[in-house]
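Everything on this sheet refers to the single structure shown next.
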Amino acid sequence: MSDFSDLLQEAEKLTSDLEGTTELPKVERSLKQVLEASNDLYSRVAQTGAQDIQANLLLGSKRY
C-alpha cells in the first residue's frame, strides 16, 4: 500500500505532465463544486438509466 508521500509524488508528476499539455483547458474547482457536479451527473444518469431499463423491459416483452 502506498503512503501519502508516494501519492503526493505521483500527483505532482501528473500535474507537471498536464501543465505541458495545451489540449485540455485548465479547470479550477473546489472539492465541494466537484462533489455537486458529480452528484448532479449521477442523478441525471441514474434517471436516464432507469428509463432505459424500463424501455428495454417493455421492448423485450414485445420481442422487438
Check your understanding: Can you list the lysines whose alpha carbon is less than 20 Å from that of Lys13, not counting same-chain residues fewer than 8 positions off?
Key -> Lys26
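Could you please report the charge total around Val34, scoring K, R as +1 and D, E as -1 over all other residues with beta-carbon less than 14 angstrom from its beta-carbon?
Working: positive: Arg29, Lys32; negative: Glu28, Glu36, Asp40.
Around Val34, the charge tally is -1.
Computed from the coordinates by the stated procedures, all read-outs in this text should not be read as laboratory data. What you see is a predicted model, and the numbers here were worked out from it, not measured in a lab. Positions of Cβ are generated from backbone atoms using ideal geometry, with glycine treated the same way; all protein chains shown enter the neighbour counts.
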